[in-house]
Amino acid sequence: WVFCTNGPHHCLKTFTLKMTRYREQLCCGFYIVCSCSMLNLNKLALNEFPWPFALTMLQMLSTLVIVPLIVLAKPGGFRVNRSQLAHLASAGLIWATPLVFNLQALKYLNPETCIVFRSACLVGVALGDYTLFHRRFSLVETLSLVSVVGGAWIFALSNVKHNFAGYAWGTAYWASLTASLLYVKRAFNHCEGIDTWEKTLYLNMFGLFPTVLLVIGFELNFVSSLQGFPVMSWIWIVCSSAMGILLGVFGNSARAFLSPTGFDVLGNVSKFATVAVSALIFQETHTFLSYVGLGLVIFGGAIFGVKDAKKWVLRFGILALGLLAFKTLVPLLIQEDTRAIVDNLKNSTQYGMQPRDHRTHPFPTFDELAVEWLGRQREFKRFIVVHPIGGLGNVFHALTGTLILSILTERSLVIVWSGCESGLFGLPLSSLCLHNVVKENKHFARRYDAFLRADRKSSLAATICLNARCYLAKQYLINGRRNDEMLFGHFPELSSLPFNERWPQDIAVIKTEIYFAGFLFMNPSYTALLSSLFQGAEVYPTVLRFLFRPAPHVLRHADEFANEHLRGQCISVFVRTTGFKGELNEESVALFHSREEAMQLLGPQHHRCIQREIARLVSHNATVFVASIYKQAKTLFREHYANVAMIDMDVGSQDGHGGGGRTNEFYAVLDLLLLARCRYAVHSYSSTFGQLARALSVQPQILYQTPSPTLADFVTPIIDGVGQTLYRVNGTCRRVLTREACSAIWSRWRSRNRTSSFYERVHSLTPRTSRFPVSFDHRHHC
């Protein structure tokens, strides 16, 4: 209204005059907006449109539609001659190569990593100048190159989003962009008199030919996938194409009135802005060292060629302001609803993440990588759907291995398990359950619906069997007979081949009851990353603490019970049989050498273990907490000890409910939490439930385990047939020093002399593999 004192016409004229006066500032501002948006829009477009070559082609086509109109509107129109056209043709072919490699790299990497590769091109160009043109570099330029190389190296080593395929494409992008910068500049030297718009037009026109060939050769199937393509996907594609044109418009305008130094400073500002926008959109988690590496790369690019002291001050000021803005503003601007899960995990008091000393532990921990992975669930376009089988112990054996695999393969994890509906578990497990993922992730809902409607052959190709008897599963039988090719299930492929190459489908379904982390450590594709994540720490407790987080009401009940009954010294006892359900009956007792030996499993072994190993270490009135579904075991301990605590004598009855109308699942989780509270513990042999309880213990437990009631050959009557052997129950207990879960299937193969056959199968798939890790091979403890 200040401009409009003399009517609308004067208002418009005054406003136009003001905008003309601030044209340069507006151009710089819009250039920064376009520059920082370009990479992020491309990333968003690739998330919806996963065909990098085709996306590059569409962007070039949009440029070829708009730019000729701009050229024709300018005075003089087209001014290129035949000789110049030849130089532009060869330049266009080379110019297009880094564009397609850039989008391929961006498909796997975050925008920050692509900025590192882009900035590292300074080193490649400098090497080209030195080799081809014998250029000598000043001290400042040498320091700049060292800063870029060192920063890129630090960023690569500490980047939690490390992806081999992405780094391979990024390296190709770096090499091709280096060649492009050297060659295209040389070609432009032969094209004097041609403005930037004409150069843009011809580069896109000639660069379109190799791009189309790449689309025909590798991504022609994208055409058939366009039918029913979501509107939002098209919006991102159109925005990325339009942003490329706008970037050219404002970039050319800014170059016209800025000095090379000024435009270079503008470029450095846009890099910080790109990183900030990427953090807002994709919520990437970076380590401290990765920030250091990124800063060194941008700093090295900023000081290259600086000689004037004023320019030094200007660039240092821009860098300092950029770092300050990124450090302070980004955490404030990220929306709370998208960070709720991550913040909940970081601030959890009972299972909270331990702060890492970056000086002594420069690499990201599992918790850091898992939190970063969890925050990107909606970004992933490929999924692992796990169907855990068995009881609570088997379920978490399956889930922990699958969680590690999902992080390694950068796939979203979806859990199909009845326990998801129980309300017993909080974040992050509840957010990964099928019913929640279907509501929150429409892309997964569409893909999963298509998977469920797919034919049997397609479904079977995307299903991974990780169980003991896959060869007897009906879907793998050959003419009703066992399939010897599935003797080891899919464990050989899991141990040797990159998962995403063996199962490239958008949805991969895993059915398992086994803790298979040891097989992942065998895989050469993942060994190095797994070793850096855990660095000698026990894997199962580390992963379990991240995943196993009961709901608040369950934790409250556990705390109330512990405060009332377990305040002093206590011994936790877990009693099981050998996989039977309900009380021991005549049929199950018949599997043992004698009835007396069978009865040893229901408490006498545990009682003798306490008397022999623990009684001398605790006071005579220490509390014994008993967790078991067997009334006989609970009765035995009440007869022998003055202070016995248990949740309920009737918990575990076969009607599926315990006391108070609560389900047995509720009391099972409560038992797990309470078993982990005591300093001393005696567990029944090789139970996945017992392994789960001992891994949850916050303080190191002095733990003893009763021996497994099998013969020396480990043959199990229930699995292998009653006629082969009978159970013997010998010994009392042995000390267990590890909290690592064991792989029962590996113990089974070893006891049946099948490990050599397994290794032969693995080596037939790839010569590069390792042996099964000793830390997961507990032998008789399994």
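The values are calculated or read from the model by the stated rules, or taken from the named source; none is laboratory data. In this text the structure is predicted, and so the values were computed from the model without any measurement. Positions of Cβ are backbone-derived with ideal geometry, glycine not excepted, and every protein chain shown enters the neighbour counts.
Scanning region 544-564 for residues that are charged (D, E, K, R) and in a helix (DSSP H, G or I), which turns out nearest to the chain's Cα centre (by Cα)?
The extreme case among them is R545.
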Restricting to region 396-433, name every residue that is over 18 Å from the mean Cα position of the chain (by Cα), in a helix (DSSP H, G or I) and surrounded by fewer than 23 Cβ atoms within 10 Å (Cβ to Cβ).
S418, G419, C420, E421, S422
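Looking only at region 273-296, filter to residues that are part of a helix (DSSP H, G or I) and touching an Asp or Glu at 6+ places or on another chain (Cβ under 9 Å); which one of those is modelled with the lowest pLDDT?
F282
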Out of (1) modelled with pLDDT under 90; (2) part of a helix (DSSP H, G or I); (3) aliphatic (A, V, I, L, M), the one A537 does not meet is (2)
Condition broken by I389, with the remaining ones in (1) under 16 Å from A744 (Cα atoms); (2) without any contact (Cβ under 8 Å) to a residue 24 or more places away in the chain satisfied:
(2)
Considering every residue within region 535-550, establish whether at least one is more than 18 Å from L675 (Cα to Cα), touching a helix residue (DSSP H, G or I) at 6+ places or on another chain (Cβ under 9 Å) and of a type in the set (G, A, S).
yes
Please name all residue pairs, on different chains or six or more residues apart, with Cβ atoms under 9 Å, provided the first residue is in region 190-202 and is outside any helix (DSSP H, G or I) and the second residue is at pLDDT below 75 and of a type in the set (V, I, T).
C191/V80; G193/V80; I194/V80; D195/V71
Filtering region 475-496 for residues that are under 15 Å from C465 (Cα atoms) and at pLDDT 85 or above leaves a count of 10
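Within region 108-130, count every residue that is farther than 19 Å from T171 by Cβ and of a type outside the set (D, E, K, R).
Initially, region 108-130 is screened for residues farther than 19 Å from T171 by Cβ, giving 129-130.
Still in the running and of a type outside the set (D, E, K, R): 130.
Number satisfying all stated conditions: 1.
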Can you name the residue in region 380-394 that is at pLDDT 90 or above and buried (at least 21 other Cβ atoms within 10 Å of the Cβ) and, of all such residues, is farthest from F451 (Cα to Cα)?
P388
Test for T63: is it part of a helix (DSSP H, G or I), outside the structural domain of W373 (by TED's automatic domain parsing), free of Cβ contacts under 8 Å to residues at least 12 places away in the same chain and not acidic (D, E):
no
Output yes when any residue across region 42-57 is among the β-branched types (V, I, T), closer than 21 Å to I235 by Cβ, assigned by TED's automatic domain parsing to the domain that holds I194 and at pLDDT 75 or above, and no when none is.
yes
Among the residues of region 740-756 satisfying the criterion of being among the polar types (S, T, N, Q) and loosely packed, with under 14 Cβ neighbours inside 10 Å, which is modelled with the lowest pLDDT?
N753
Of the conditions (1) among the polar types (S, T, N, Q); (2) touching a helix residue (DSSP H, G or I) at 6+ places or on another chain (Cβ under 7 Å); (3) more than 30 Å from S687 (Cβ to Cβ), Q475 satisfies every one except a single condition; which number is it?
(3)
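Among the residues of region 739-771, which ones are aromatic (F, W, Y) and in contact with a Gly (Cβ under 8 Å, 6 or more places away or on another chain)? Spell out how you get there, then give the answer.
Of the residues in region 739-771, the ones aromatic (F, W, Y) are 746, 749, 758-759.
The answer is W746, and nothing else.
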Hey, does region 73-91 have a residue that's under 24 Å from V148 (Cβ atoms) and either modelled with pLDDT under 80 or part of a helix (DSSP H, G or I) (or both)?
no
